[in-house]
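Novice: This structure is in structure tokens; I'll ask about it shortly.
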Amino acid sequence: MLAAPINPSDINRIEGVYPVGPPVPAVGGNEGVGEVIAVSEGVKNLSVSDWVIPVRAGLGTWQTFMIKEETDWCKVRKDVPIEYAATTFINPCTALRMLEDFVPLNEGDLLVQNGATSIVGQCVIQLAHLRGLRTANIIRERSDFQEVKQRLEGLGASGVFTENEAVSKEIVGDLKGAKLGLNCVGGSAATAVMKLLGENGIMVTYGGMSKKPITVSTSAFIFKNIELKGFWLQKWMSHHSPMDLARMTDYLLGLVHEGKLTYQMEKVPFEEFNTALEKSLGKRGSVMKQVLTFA
């Protein structure tokens, strides 16, 4: 293994609150990038020195060496930083699928999302910007709001708002009437997304960081005819081939190589796993995505 991130879903599996998990005892980690150092005689599509990422969850990427079947891996390009290869599967792929699979979006259309500072959120902003789409981005109240706002606008965000600002027509301006809403927080942050949806808009939920339920007003259903849907990348993978994943990751890592897709991460040596885990659990304040490195 070369690198592997610590994702919230990794922690959820260890806590036993994720819907599926590997048989125990097991090694944590569902995402990462490794370099092939040996292959058996029956392997046809992978060679020594290839970079590979897992094609299914539960392989246990928080370890230095792994022996798995050829079908457990997807080859990826090597001309990108290892931290991007290690993190391209879950978050960037989730962002891309939500942009492409729920609502036909044309240049100039608007989408709204909460959790815009997350890696998925940052990817949504950039992928939407490349398509000529506008994005209204909702983030929590924070002391460095203006600094974060400028950073997200630098990625291509059309507007960045707090939850309170998002429900104010005067502040939001013309960034309302969105065709697509993306929710990873729940609670009042989900309500703020729905406020900016237009008639027949769809809100897709892919996370619940606040651990609070989604409450929908009756008028939103009756008068705006909004729809609520969910997305889980693992279910998407169960209906698509490794070749589909290969095409998707090649496209995304191509954008990384061209400097068109970027997000904040912190590389941490595997020997400092305890520190990285504490940061991922929020015990050391707000931090960037923790990516374990093994070399």
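Novice: Along each principal axis of its Cα atoms, how long is region 24-180 end to end? Whole angstroms, biggest number first, please.
Specialist: 66, 34, 30
Novice: For region 1-116, list log₁₀ I(q)/I(0) at each q in 0.10, 0.13, 0.16 Å⁻¹, using the Debye formula over Cα point scatterers of equal strength and ignoring solvent, two decimals each.
Specialist: Log-scaled intensity ratios, in q order: -0.38, -0.61, -0.84.
Novice: Compute the signed sum of charges (Lys and Arg +1, Asp and Glu -1) over the other residues within less than 13 Å, Cβ to Cβ, of residue 279.
Specialist: On the way: positive: 267, 283, 284, 289; negative: 266, 272, 278.
Spelling it out: positives minus negatives among the neighbours equals +1.
Novice: On to the next question. Two decimals, Cα atoms only, Kirkwood Rh: what is Rg/Rh over region 157-225?
Specialist: On the way: Rg = 11.5 Å, Rh = 12.3 Å.
Radius of gyration relative to Kirkwood radius: 0.94.
Novice: So, one more: With log10 I(q)/I(0) by the Debye sum over Cα atoms at q = 0.06, 0.11, 0.16 Å⁻¹ defined as stated, name the option among (i) -0.28, -0.81, -1.34; (ii) -0.18, -0.65, -1.48; (iii) -0.20, -0.67, -1.34 computed from the structure displayed.
Specialist: (iii)
Novice: Long-range amide H contacts for residue 181: which residues qualify at under 5 Å (H placed 1.01 Å from N, peptide plane, sequence gap of 5 or more or a different chain)?
Specialist: 112, 202, 203, 204
Novice: Can you send over the solvent-accessible area of residue 97, 1.4 Å probe, protein chains only, in Å² to the nearest 10?
Specialist: About 30 Å², ignoring ligands and nucleic acids.
Novice: Would you mind estimating how fast region 148-295 diffuses translationally, via Stokes-Einstein at 4 °C and 1.567 mPa s with the Kirkwood radius over Cα pairs, in µm²/s? The partial results should precede the final answer.
Specialist: Values: Rh = 18.4 Å.
So the translational diffusion coefficient is about 70 µm²/s.
Novice: Compute the whole-percent fraction of alpha carbon pairs in region 104-203 spaced more than 22 Å apart.
Specialist: Details: 804 of 4950 pairs.
Cα-Cα pairs in region 104-203 separated by more than 22 Å: 16 percent.
Novice: When the Cα centres of region 62-112 and region 259-295 are compared, how far apart do they sit, in Å?
Specialist: Cα centroid to Cα centroid, the span is 18 Å.
Novice: Still on this structure: Over the chain, what relative contact order in percent results from Cα pairs under 8 Å that are six or more residues apart? Present the calculation step by step, with values, prior to reporting the outcome.
Specialist: Working: 551 pairs, mean separation 52.9, N = 295.
Dividing the mean separation by the residue count of the chain yields 18 percent.
Novice: Right, another one. Taking the dipole about the Cα centre of region 1-160, with the C-beta of Lys and Arg at +1 and of Asp and Glu at -1, give me whichever of 88, 155, 111 is farthest to the positive side.
Specialist: Going by the charge dipole, the pick is 111.
Novice: Just want the answer: with Cβ charges of +1 for Lys and Arg and -1 for Asp and Glu, which residue in 288, 173, 268 is farthest toward the dipole's positive end in the chain?
Specialist: Farthest towards the positive end: 173.
Novice: Computed FRET efficiency, Cβ-Cβ of residue 69 and residue 288, R0 30 Å: what is it to the nearest 0.05?
Specialist: Rounded to the nearest 0.05, the efficiency is 0.35.
Novice: If the reach is capped at under 30 angstrom between alpha carbons, list the lysines near residue 211, excluding any in the same chain fewer than eight residues apart.
Specialist: 149, 169, 176, 179, 195, 224, 229, 235, 267, 279, 283, 289
Novice: So how far apart, in nm, are the two label points at residue 174 and residue 258 if each is 7 Å from Cα heading toward Cβ?
Specialist: Here the modelled spin labels are 2.7 nm apart.
Novice: Right, something else. Return the whole-Å distance between the Cα centroid of region 159-210 and the Cα centroid of region 1-61.
Specialist: Centre-to-centre distance over Cα atoms comes out at 34 Å.
Novice: Suppose every K and R has +1 on its Cβ and every D and E has -1 on its Cβ; what is the size of the dipole of the chain about the Cα centre, in Debye to the nearest 20? Don't skip to the end; give the middle numbers.
Specialist: Numbers: 30 positive and 32 negative charges, 121 e Å.
Dipole of the chain, to the nearest 20 debye: 580 debye.
Novice: Over the Cα atoms, compute the radius of gyration (one decimal) and Dmax (the largest Cα-Cα distance, rounded to a whole number) for region 236-285, in Å.
Specialist: 16.0, 39
The values are calculated or read from the model by the stated rules, or taken from the named source; none is laboratory data. Because the structure is predicted, anything quoted here is derived from the model rather than measured. Cβ sites come from the backbone with ideal geometry, for glycine too, and all protein chains shown count toward neighbours. The accessibility values were calculated without ligands, DNA or RNA, using every heavy atom of the protein model including side chains. Shrake-Rupley method; radii C 1.70, N 1.55, O 1.52, S 1.80 Å.
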